[in-house]
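Asker: Quick one: this structure, given as structure tokens, is what I'll be asking you about.
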Amino acid sequence: MEVLVMITTESSKSNALRVAKLLIQKKLAACVSIKQIFSIYEWEDFIEETKEFEITIKSKPEFKDDLIDFLHKISTYDLPQIIYKKYYSEMKYYNWLNKVI
């Protein structure tokens, strides 16, 4: 039983919470986890070091394109990180996920 796990980031806790709540309300995700991270990356020829909030979205594989479109529209970043992978899930979790979204 496959589930989709998608990861994005936001610049603040309040932005991350807003994204997470909208994903749940719009039934695009069954569960969203948020954790504070420290990122180092190159942007426009500079090395950036910043605190961010990583958003992990658990959803259905068939929602992938809708999730990507939604995240591009709502993200506060010019180029949001959107990475994803399909995972196999234990049956009880899979059934719950399919029940709530």
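Asker: Could you please find all residues in the range 1-33 being in a strand (DSSP E or B) and either over 12 Å from LEU71 (Cα atoms) or at pLDDT below 95 (or both)?
Answerer: Kept after step one, since they are in a strand (DSSP E or B), are these residues of the range 1-33: 2-10, 31-33.
Answer for the range 1-33, where residues must be in a strand (DSSP E or B) and either over 12 Å from LEU71 (Cα atoms) or at pLDDT below 95 (or both): GLU2, VAL3, LEU4, VAL5, CYS31, VAL32, SER33.
Asker: Looking at the range 1-37, which of its residues are exposed (fewer than 14 other Cβ atoms within 10 Å of the Cβ) and in contact with an Asp or Glu (Cβ under 7 Å, 6 or more places away or on another chain)?
Answerer: Within the range 1-37, LYS35, ILE37 meet the criteria.
Asker: Could I ask something else about it? Tell me, which residue of the range 43-68 that is surrounded by 13 or more Cβ atoms within 10 Å (Cβ to Cβ) and of a type in the set (A, V, I, L, M) is farthest from CYS31 (Cα to Cα)?
Answerer: Residue satisfying both the conditions and the ranking: ILE68.
Asker: Then there's this: Mind listing whichever residues of the range 34-53 are modelled with pLDDT of 95 or more, over 23 Å from TYR93 (Cβ atoms) and hydrophobic (A, V, I, L, M, F, W, C)?
Answerer: ILE37, PHE38, ILE40, PHE46, ILE47, PHE53
Asker: Out of the residues in the range 72-97 that are under 17 Å from THR8 (Cα atoms) and part of a loop (DSSP other than H, G, I, E, B), which is nearest to the chain's Cα centre (by Cα)?
Answerer: ILE82
Asker: Please specify each residue of the range 19-51 satisfying the condition of being in contact (Cβ under 8 Å) with a residue 12 or more places away in the chain and under 13 Å from the mean Cα position of the chain (by Cα). Even if it seems obvious, please write down each step before you answer.
Answerer: Step one: of the range 19-51, the residues in contact (Cβ under 8 Å) with a residue 12 or more places away in the chain are 19-20, 22-23, 26-39, 50-51.
Once the filter is applied, which keeps residues that are in contact (Cβ under 8 Å) with a residue 12 or more places away in the chain and under 13 Å from the mean Cα position of the chain (by Cα), the range 19-51 yields VAL19, ALA20, LEU22, LEU23, LEU28, ALA29, ALA30, CYS31, VAL32, SER33, ILE34, LYS35.
Okay, residues lined up against (1) touching a Cys at 6+ places or on another chain (Cβ under 6 Å); (2) of a type in the set (Ser, Thr, Tyr):
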site: GLU42; (1), (2): no, no
site: LYS51; (1), (2): no, no
site: ILE55; (1), (2): no, no
site: LYS58; (1), (2): yes, no
site: PRO61; (1), (2): no, no
site: SER89; (1), (2): no, yes
site: TRP96; (1), (2): no, no
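Asker: Let me ask something else about it. If you check LYS64 against the conditions, is it part of a helix (DSSP H, G or I) and within 19 Å of ASN95 (Cα to Cα)?
Answerer: Details: part of a helix (DSSP H, G or I): yes; within 19 Å of ASN95 (Cα to Cα): yes.
In short, yes.
Asker: Let me ask you something else. So, in the range 69-84, how many residues would count as being in contact (Cβ under 8 Å) with a residue 40 or more places away in the chain and surrounded by 10 or more Cβ atoms within 10 Å (Cβ to Cβ)? If you could, list the steps in order and put the result at the bottom.
Answerer: Pass one, the range 69-84, residues in contact (Cβ under 8 Å) with a residue 40 or more places away in the chain: 70-71, 74-77, 80-84.
So of that shortlist, the ones also surrounded by 10 or more Cβ atoms within 10 Å (Cβ to Cβ) come out as 70-71, 74-77, 80-82, 84.
Adding up the residues that qualify gives 10.
The values are calculated or read from the model by the stated rules, or taken from the named source; none is laboratory data. Bear in mind that the values here come from a model prediction, so they are computed numbers and not experimental data. We place every Cβ from the backbone using ideal geometry, glycine too, and count neighbours over all the protein chains shown.
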